[in-house]
Amino acid sequence: NKTLLIEIISSVLRSNYLQVLNKLQCSTVYFSQEDITYCLQQSGVSVSNKLASNQEEIDTKVILHCSNSLNANEAFKCILRSGDTDIFVLA
């Protein structure tokens, strides 16, 4: 059931990428589904190979995405909110 839910959410995000970007007031949004990372931008939806990961745990994917964002833009700030101790330790 969880896998199907993620597939549905991914499909909705990709189909409505312009509305997603506008609602979040972002120029770029990355999200992962299994080992694929999608990039939503005004120009469309693409697959980001630089964020490819086959990690089953979300902890390392969160850190991978934050690291990528910080490296892409020095003015970017990454705020992590999680009750998961593993993410805190990795950060």
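Of Ile63, Ile87, Ile79, all but one fail to be open to solvent by 50 Å² or more (accessible area, probe 1.4 Å) and hydrophobic (A, V, I, L, M, F, W, C); the exception is Ile79. Take Asn16 and tell me if it is out of contact with any Lys or Arg (no Cβ under 6 Å at 6 or more places or on another chain), open to solvent by 80 Å² or more (accessible area, probe 1.4 Å) and without any contact (Cβ under 8 Å) to a residue 24 or more places away in the chain. No: the conditions fail for Asn16.
Of all the criteria given as (1) touching an Asp or Glu at 6+ places or on another chain (Cβ under 8 Å); (2) part of a loop (DSSP other than H, G, I, E, B), the one not satisfied by Asp59 is (2). Which one of Ser27, Ser46 is within 23 Å of Asn73 (Cβ to Cβ), among the polar types (S, T, N, Q), surrounded by 11 or more Cβ atoms within 10 Å (Cβ to Cβ) and out of contact with any Asp or Glu (no Cβ under 7 Å at 6 or more places or on another chain)? After applying the criteria, what remains is Ser46.
Whenever a residue of the range 59-87 is modelled with pLDDT of 80 or more, its partners that are surrounded by fewer than 10 Cβ atoms within 10 Å (Cβ to Cβ) and not in a helix (DSSP H, G or I), lying with C-beta atoms within less than 9 angstrom and at least six residues away or across chains, give the pairs Leu70/Lys77. Only one entry in Ser11, Ser32, Ser53, Ser69 is part of a helix (DSSP H, G or I), among the small types (Gly, Ala, Ser) and either open to solvent by less than 40 Å² (accessible area, probe 1.4 Å) or in contact with a Ser or Thr (Cβ under 8 Å, 6 or more places away or on another chain) (or both), namely Ser69.
Please go through (1) surrounded by fewer than 11 Cβ atoms within 10 Å (Cβ to Cβ); (2) among the aliphatic types (A, V, I, L, M); (3) in a helix (DSSP H, G or I) for Leu21 and return the number of the only condition it doesn't satisfy. It is condition (1) that Leu21 fails.
The values are calculated or read from the model by the stated rules, or taken from the named source; none is laboratory data. Source: prediction; values computed, not measured. Reconstructed Cβ throughout: ideal geometry from the backbone, glycine too, with neighbour counts over all protein chains shown. For the accessible areas, the whole protein counts, side chains as well, though only heavy atoms, and no ligand, DNA or RNA atoms are used. Shrake-Rupley method; radii C 1.70, N 1.55, O 1.52, S 1.80 Å.
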